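First the structure, in the form of structure tokens, and then the observations on it.
The values are calculated or read from the model by the stated rules, or taken from the named source; none is laboratory data. Bear in mind the structure is a predicted one, so any value in this text is a computation, not a measurement. Cβ: placed from backbone, ideal geometry, glycine included. Neighbour counts: every protein chain shown. For the accessible areas, the whole protein counts, side chains as well, though only heavy atoms, and no ligand, DNA or RNA atoms are used. Shrake-Rupley method; radii C 1.70, N 1.55, O 1.52, S 1.80 Å.
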Amino acid sequence: MGTVHARSLEPLPANGPDFGALGEEAEFVEVEPEAKQEILENKDVVVQHVHFDGLGRTKDDLIICEIGDVFKAKNLIEVMRKSHEAREKLLRLGIFRQVDVLIDTCQGDDALPNGLDVTFEVTELRRLTGSYNTMVGNNEGSMVLGLKLPNLLGRAEKVTFQFSYGTKETSYGLSFFKPRPGNFERNFSVNLYKVTGQFPWSSLRETDRGVSAEYSFPMWKTSHTVKWDGVWRELGCLSRAASFAVRKESGHSLKSSLSHAMVIDSRNSSIMPRRGALLKVNQELAGYTGGDVSFIKEDFELQLNKQLIFDSVFSASLWGGMLVPIGDKPSSIADRFYLGGPTSVRGFSMHSVGPQSEGDYLGGEAYWAGGLHLYTPLPFRPGQGGFGELFRTHFFLNAGNLCNLNYGEGPKAHIRKLAECIRWSYGAGIVLRLGNIARLELNYCVPMGVQKGDRICDGVQFGAGIRFL
């Protein structure tokens, strides 16, 4: 993707170093690399000019915001470090194919003895780009086709059209993305979309047509996203054998909701972390801005990871959530929580835990799930330092519950109901990390605490996804 080049500030003479007239008894003193580095670090320099080669439609004010810290460097090592950081910021904008940096002594009439020039050689992306790739979701795969108009107005704006065809979901959407100059984490986006999904565990088909607007921003060590979503939902049955409870949910509804998400993530990897913690908290309020669906919804996700001896990792996870309908209208099957499957409580079939009617699972308004995991290297470490590092042995213990609450009762009654009929499972298996995209699990599961109506997967269970309990 490019490198940072620095030319010597004090070039040697053309004929090599001049040691003067030295006798036979002259002693040569070798300079230690540490001493040379010390000299470079302490040498005061001034960045006089920053040049850009290859700019076309990109605006100057956007560039100035990203490279401003380069002028604050006081020595050569600091110039190289801040130039590298500026290069990373430029690449993060998503408007350049390549960025190289050249640091040289300043030339010209106004050149200072310790002056430096920094040149960024950039290659802008074409005005229209296309992409084709595959994506892995929670036990779902999809093919994605996309068209992008990067740097549309010269300030890192982006318009994207995307079509996705998956095993359970088909969607297409048009989005506009606009970051704040000098602070890429603060950005605004607008989306138009249509999503059609099939949910065989509920004999349900759902089609969403909507528009959303969201603003993301950092605050201290947290990341926040505030979002408005307006969606026209159409629910239908997948087959004639669908239960009456699902048929009753069929029809059209209009949901307008405000939501907020907060994330604190110190993990070294989102797919198979070895250390760090994750906290996600989501709140959603529907009905306040219109529509015929009204509720308050809150859920959270907590994960802790600790590296142990022998390259093993201990991980603990806790999920939970609650949905409270507003008014006399009950909650919709499309808004409730679901539990069970290879990515949550293992040993149970996908979303096949909790309230159900005639074999169709209806979801619940409150849930919790927890997991303890131990990841170790493969026995005898085959492929150590290479392909074998992608595999880990996995031991787990999962538990959880999903139910509906009577909100006329107090908190103690709610806790007592969530503590009843706990489903849990244990087992072992193998985990494969697919880069930083997804992970695959093949586990032997032993489900316990099975309740009437639950659908289990006793034995070998395969899972693929990006979010696991």
*Using a cut-off of under 20 Å, list every residue of segment 302-320 whose amide N is near the label point 7 Å from the Cα of Glu389 along the Cα-to-beta-carbon line.*
306-314
_Suppose each label sits 7 Å from its Cα in the direction of the beta carbon; what would the Ser253-Val446 distance come out to in nanometres?_
4.1 nm
*For Tyr444, tell me the accessible area in Å² from a 1.4 Å probe, rounded to the nearest 10.*
130 Å²
*Add +1 for every Lys or Arg and -1 for every Asp or Glu among the other residues with Cβ under 15 Å from the Cβ of Asp69, and state the total.*
+3
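Given the Cα-Cα distance of Val159 and Glu409 and 0.36 nm per residue of separation, how much length would full extension add, in nm?
85.1 nm
Would you please classify the overall shape of segment 46-124 from the alpha carbon gyration tensor, given that a ≥ b ≥ c denote the square roots of the eigenvalues, rounded means a/c under 1.5, and beyond that prolate means a/b larger than b/c while oblate covers the rest?
prolate
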*Between Val122, Gly182, Met262, whose Cα lies farthest towards the positive end of the dipole of the chain when Lys and Arg beta carbons carry +1 and Asp and Glu beta carbons carry -1, centred on the Cα centre?*
Met262
*About the Cα centre, charge dipole magnitude for segment 46-124 (Lys/Arg +1, Asp/Glu -1 at Cβ), debye*: 360 debye
*Going by the alpha-carbon gyration tensor, a ≥ b ≥ c the square roots of its eigenvalues, is segment 268-312 rounded (a/c under 1.5) or, if a/c is not under 1.5, prolate (a/b greater than b/c) versus oblate?*
prolate
*At most 14 other Cβ atoms within 10 Å and a DSSP loop assignment: could you name the chymotrypsin sites (Phe, Trp or Tyr not before Pro) in segment 181-225 that fit?*
Trp220
_Stretch gain in nm, segment Val46-Ile466, where the contour uses 0.36 nm per residue and the Cα spacing is subtracted_ = 146.5 nm
*Using heavy-atom solvent-accessible surface (probe 1.4 Å) with all chains present, what is the largest-first order of His351, His84?*
His84, His351
*Computed FRET efficiency, Cβ-Cβ of Ile296 and Asp69, R0 45 Å: what is it to the nearest 0.05?*
0.55
*Leaving out ligands, DNA and RNA but keeping every protein chain, what accessible area does Lys148 have, in Å² rounded to the nearest 10, with a 1.4 Å probe?*
80 Å²
*asked:* Going by Cα centres, segment 190-260 and segment 41-100 are how many Å apart?
replied: 43 Å
*Quickly work out the Thr196-to-Asp458 label distance, labels modelled 7 Å from Cα along the C-beta direction, and quote it in nm with one decimal.*
3.9 nm
_Exposure rank, largest accessible area first [Asp208, Asp53; 1.4 Å]_ = Asp53, Asp208
*Give the accessible surface of the chain per residue, rounded to a whole number of Å², with probe radius 1.4 Å and ligands, DNA and RNA excluded.*
54 Å²
*asked:* Once neighbouring chains are kept in place and the probe is 1.4 Å, which whole percent of the accessible area of segment 46-124 is contributed by carbon and sulfur?
replied: 50 percent
_Using 31 Å as the Cα-Cα cut-off, could you pick out the over-long pairs in Lys194/Lys417; Lys43/Lys221; Lys329/Lys452; Lys221/Lys329; Lys72/Lys306; Lys194/Lys280?_
Lys194/Lys417; Lys43/Lys221; Lys221/Lys329; Lys72/Lys306
*Cβ-defined net charge surrounding Ala213, 10 Å radius [Lys, Arg +1; Asp, Glu -1]*: -1
*Rounded, prolate or oblate: which one fits segment 331-469, using the alpha carbon gyration tensor with axes a ≥ b ≥ c (rounded when a/c is under 1.5, else prolate when a/b beats b/c, else oblate)?*
prolate
*Of Ser131, Thr393, Ile456, whose Cα points farthest to the positive end of the dipole of the chain (charges on the beta-carbon: +1 Lys, Arg; -1 Asp, Glu; origin at the Cα centre)?*
Ile456
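Counting only protein heavy atoms, what percent of the accessible surface of segment 218-353 is carbon or sulfur at a 1.4 Å probe?
Carbon and sulfur together cover 62 percent of it.
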*How far, in nm, would the chain grow between Tyr132 and Ile437 when pulled straight, counting 0.36 nm per residue and subtracting the alpha carbon separation?*
108.3 nm
*asked:* At R0 = 60 Å, how high is the FRET efficiency between Leu308 and Ala213 if r is their beta carbon distance? Nearest 0.05 is fine.
replied: 0.85
_Between Val263 and Thr123, what's the calculated FRET efficiency when r is the beta-carbon distance and R0 is 30 Å? Round to 0.05._
0.35
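Can you give the charge dipole size of segment 180-465 about its Cα centre, rounded to the nearest 20 debye, using +1 on the beta carbon of Lys and Arg and -1 on the beta carbon of Asp and Glu?
480 debye
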